[in-house]
Each structure stands twice: as C-alpha cells, then as structure tokens.
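I have placed the structure first, in the form of structure tokens, so that the comments after it can refer back to it.
None of the figures in this text is laboratory data; all of them are computed from the coordinates on show. These numbers come from a predicted model, not from an experiment. In this analysis, Cβ positions are derived from the backbone assuming ideal geometry, glycine residues included, and neighbour counts consider all displayed protein chains.
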Amino acid sequence: MISVTDVSKVYKQGALSIAVLQDVTIRIERGEFLSIMGPSGSGKSSLLNIIAGLDTPTSGRVTVVGKDLATLSDDLRSDLRLQQIGFVFQAFNLFPTFTVEENVGWPLEFLRIGGGEIAKRVREVLDQLEVPLSARARRPAELSGGEQQRVAMARALVTQPSILLADEPTGNLDSKTGQAILDLLRTFNVERNLTVILVTHSAFAATYGHRTVELCDGRIVREVRAEKAGGPLESLESLQGQ
C-alpha cells in the first residue's frame, strides 16, 4: 500500500543543514494499523507529510497505492490525496463558519458528486461516528472537543479513502474521549480494511497499532510488533520509558 525507501529530508537555513529524516525505510501493508512514536522534533509529522505528498523528500522514494509520488504533478498528488487519503489532526481544523454537515460534506464537492448523494454520504458517516442529530446544524465552537474530533474524522472518511493519516488526534482530548476516538480508528481499520497511520506521543495510543515504529533524530530506532492485532505491545514498557 505504502512504500518509503531510504527517505531523507534536509532543510537549509543559511549555511546550516538540518536533517529531519535520515534514510527512513518503511513498508506499510493494505489494512495495517501503524503507530509512529517519538519525541518532539523526531520527524514524525515530516514523515506523515511526505507520505501524503504534502512535502517532498530530499532523497529517497515514496510510493502510495502503486504510484511514485516523485513522478506526479502537483495536481495529480492533490487528486491522490482527495481520492485515497483522509487526514485527522490534533487541532481538528474545521471551518468555523460551516455547520457540522457542511464541514463534512465539502470534500465531496471536489469529486463532482451530486447534492443528493453528498447529503446521503454525510448522513451515513455522521451516523457511523454517532454524531447526534441535534449537533449537525451547529458550528464547531458550539461543540465539545470530542464532538469536533468526530466531525473531523467524518470529514476524513466521507470520501471513502483507503488510507487515514492521523497526526496526534487525541492530543487535545481527555483520556476517556481520546480512547473513544482510538476505538473508532480501530473499528474503521477492521471493518473497512482501512490503512491507518497514527502519529502519537502516547504509548497507550500506540498499542492500537499492529506495529509501532519509533523515531529519534529522524531515524528509525525501534520497531515493535503487537502480539495480536490491536493488542498490547511486546515492548510497551520500553516505549513508555521514552
């Protein structure tokens, strides 16, 4: 599904060169739930942006659903994101003047889907994420953090992507609400065979993955496989100690 091969990313600041990723190689299978951990500045979000085609590596190769991102134009990379990739962020990134339904439905307008089908898909995904009917005409400021994240997930899933990229999706939530969001990610991973890549600081959140990759200073320093899908990690204590 996703192949990252010998990827490095170097930023130039005057005479300085700052390497945020160094020779990173990862293979991610269709339907896999991958957790990526590491301290701030370790390169987690940079890696996610490169997989999404939002940024380009200084060297190395990235393929997503069989397409080499380096060979795609900006427009084709945008089409790939729209059709294949959903995004969930820590900050929700909802449009403040849009209602819940408008926030969820707007990506479908770029797919040239008719209004009736848009309304149907929006209703179905909000039902799946258990967003109350009473909340759907509200704007983000009128919702709780957990409700906003459910809406953000609905927006990410309404296009029926094959890949979901989640960058610290529980970072602004209390532990109970965060666990509910993680449970939803696992549910969609299992029921839709959705490939999920979760960036997180939380060792508990990482246990939802089939596999956890740990980054430090832009390099992969540890890889741990779960004993069973969505189960405790073999080396959870070592991850918690970071």
Work out from phi, with θ = phi - 60° and the Karplus expression 6.51 cos²θ - 1.76 cosθ + 1.60, the ³J(HN,Hα) of each residue of region 149-158, listed in order in whole Hz, and give x for Gly and Pro.
5, 5, 5, 4, 5, 4, 4, 5, 9, 5
Residue by residue through region 78-88, what is 3J(HN,Hα) from phi via Karplus (6.51 cos²θ - 1.76 cosθ + 1.60, θ = phi - 60°)? Round to whole Hz and write x for glycine and proline.
5, 4, 4, 4, 4, 8, 10, 10, x, 10, 10
Once amide H atoms are built 1.01 Å from N in the peptide plane, which residues 5 or more positions from V88, or in another chain, come under 5 Å H to H?
L165, A166, D167
Calculate, in nm to one decimal, what K67 and A141 gain on full extension: separation in residues at 0.36 nm each, minus their alpha carbon distance.
22.8 nm
Which angle between 0 and 90 degrees, to the nearest 10, do you get for helix 115-128 versus the longest principal axis of the chain when only C-alpha atoms count?
70
Which of the residue pairs K44/K176; K9/K176; K120/K176 have a Cα-Cα distance greater than 32 Å in the structure shown?
K9/K176
Normalised per residue, the volume inside the convex hull of the alpha-carbon atoms of the chain in Å³ amounts to 133
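Kindly rank 120-132, 104-116, 192-204, 8-20 from highest to lowest mean number of other beta carbons found within 10 Å of each residue.
In descending order of packing, they fall as 192-204, 120-132, 104-116, 8-20.
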About the Cα centre of the chain, what is the dipole size in debye to 20, counting +1 per Lys and Arg Cβ and -1 per Asp and Glu Cβ, all else neutral?
220
Considering only DSSP beta bridges where both residues belong to the chain, give the percentage that are antiparallel (nearest 5).
55
Against the longest alpha carbon principal axis of the chain, how many degrees, from 0 to 90 and to the nearest 10, is the axis of helix 175-191 turned?
90
Work from the charge dipole of the chain (Cβ charges, +1 for Lys and Arg, -1 for Asp and Glu, about the Cα centre) and give the residue of Q13, G53, A203 farthest towards its positive end.
G53
